[in-house]
Amino acid sequence: MLTSTTQYGNRGKRSEDLIESVIDKYNQSGQSVIQRVSTPIRKLKGGGFTYSKKSTVDFVGVAYSRPVAFEVKKTEFSTRFPLSNVSDHQFSFLKKYHLQNGISFLLVEFEKLAEWYVVPFQMLSRWWGCRERESIPHQAFVDEAVRVEPGGRTGLDFLAFINAE
């Protein structure tokens, strides 16, 4: 079981809160039905908690009539995204979802650069197979991923790539 600390538990919280507000806008407009996947927890005496099991990914649902599953990640590095930010069980879930013809991806924020990218599973899988590199360079995001510009109907229209497929 994983034990939570404030520092670990709040990693990426700001990014996930932003994405939740964007998803609310997608859902309200009828473009999607996406929900956050909660990680099961067990309260401990004294006010703390532990995770009772590993979660799958952050969000699942349907967007533009297509099944979607994705994980929100961020990196404080401006030159790379560490593959260690993605757990084996998260990669496994995204792979299984992809193999069932779902759209699975990472939504990655380069915090220092104020840049967001959609990393389709196919790109993640290629880099995952080269894990001796330990990270995906920023330039690979520029060359291969889908850049998400702030603005649009939701403030961060990261699902627009689905209609472009």
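The values are calculated or read from the model by the stated rules, or taken from the named source; none is laboratory data. None of these values were measured; they are calculated from a predicted model. Quick reminder, even Gly has a Cβ in these numbers, built from the backbone with ideal geometry, and neighbours come from all protein chains shown.
Can we say Phe158 is modelled with pLDDT under 95, crowded, with 17+ Cβ neighbours inside 10 Å, closer than 19 Å to Glu16 by Cβ and of a type outside the set (A, V, I, L, M)? When the stated conditions are applied, Phe158 passes them. Can you tell me which of (1) over 18 Å from Val146 (Cα atoms); (2) modelled with pLDDT of 90 or more; (3) of a type in the set (Asp, Glu) is the one Asp17 doesn't meet? Going through the list (1) over 18 Å from Val146 (Cα atoms); (2) modelled with pLDDT of 90 or more; (3) of a type in the set (Asp, Glu), Asp17 breaks only (2). Just to be sure before I move on: is Val57 within 25 Å of Ile136 (Cβ to Cβ) and at pLDDT 95 or above in the structure I sent? When the stated conditions are applied, Val57 does not pass them. Among the numbered conditions (1) under 23 Å from Asp24 (Cβ atoms); (2) at pLDDT 95 or above; (3) out of contact with any Ser or Thr (no Cβ under 8 Å at 6 or more places or on another chain), the only one that Met123 does not meet is (1). When the range 82-125 is filtered for residues that are aromatic (Phe, Trp, Tyr) and either free of Cβ contacts under 8 Å to residues at least 12 places away in the same chain or over 20 Å from Arg147 (Cβ atoms) (or both), the ones remaining, listed by number, are Phe91, Phe93, Tyr97.
Residues that are surrounded by fewer than 15 Cβ atoms within 10 Å (Cβ to Cβ) and not in a helix (DSSP H, G or I) within the range 119-143 comprise Gly129, Cys130, Glu134, Pro137, listed in sequence order. Of all residues in the range 103-118, which are under 15 Å from the mean Cα position of the chain (by Cα) and surrounded by fewer than 18 Cβ atoms within 10 Å (Cβ to Cβ)? Glu111, the sole residue that qualifies.
In this structure, is Val142 closer than 16 Å to Val72 by Cα and of a type outside the set (D, E, K, R)? Taking the combined requirement at face value, the residue does not satisfy it. Reported count of residues in the range 126-156, each being touching a residue at least 60 places away in the same chain (Cβ under 8 Å) and over 16 Å from Ser84 (Cα atoms), is 5.
Selection within the range 64-82: residues that are modelled with pLDDT of 95 or more and among the aliphatic types (A, V, I, L, M). The member of this set that is surrounded by the most Cβ atoms within 10 Å (Cβ to Cβ) is Ala69.
Given the criteria on the phi < 0 side of the Ramachandran plot, surrounded by 14 or more Cβ atoms within 10 Å (Cβ to Cβ) and not aromatic (Phe, Trp, Tyr), does Val86 qualify? Quick ask: steps written out before the conclusion?
Details: on the phi < 0 side of the Ramachandran plot: yes; surrounded by 14 or more Cβ atoms within 10 Å (Cβ to Cβ): yes; not aromatic (Phe, Trp, Tyr): yes.
It is true that Val86 is on the phi < 0 side of the Ramachandran plot, surrounded by 14 or more Cβ atoms within 10 Å (Cβ to Cβ) and not aromatic (Phe, Trp, Tyr).
Here Phe93 does not fit the description of being of a type in the set (Phe, Trp, Tyr), surrounded by 14 or more Cβ atoms within 10 Å (Cβ to Cβ), at pLDDT 90 or above and within 15 Å of Glu109 (Cα to Cα).
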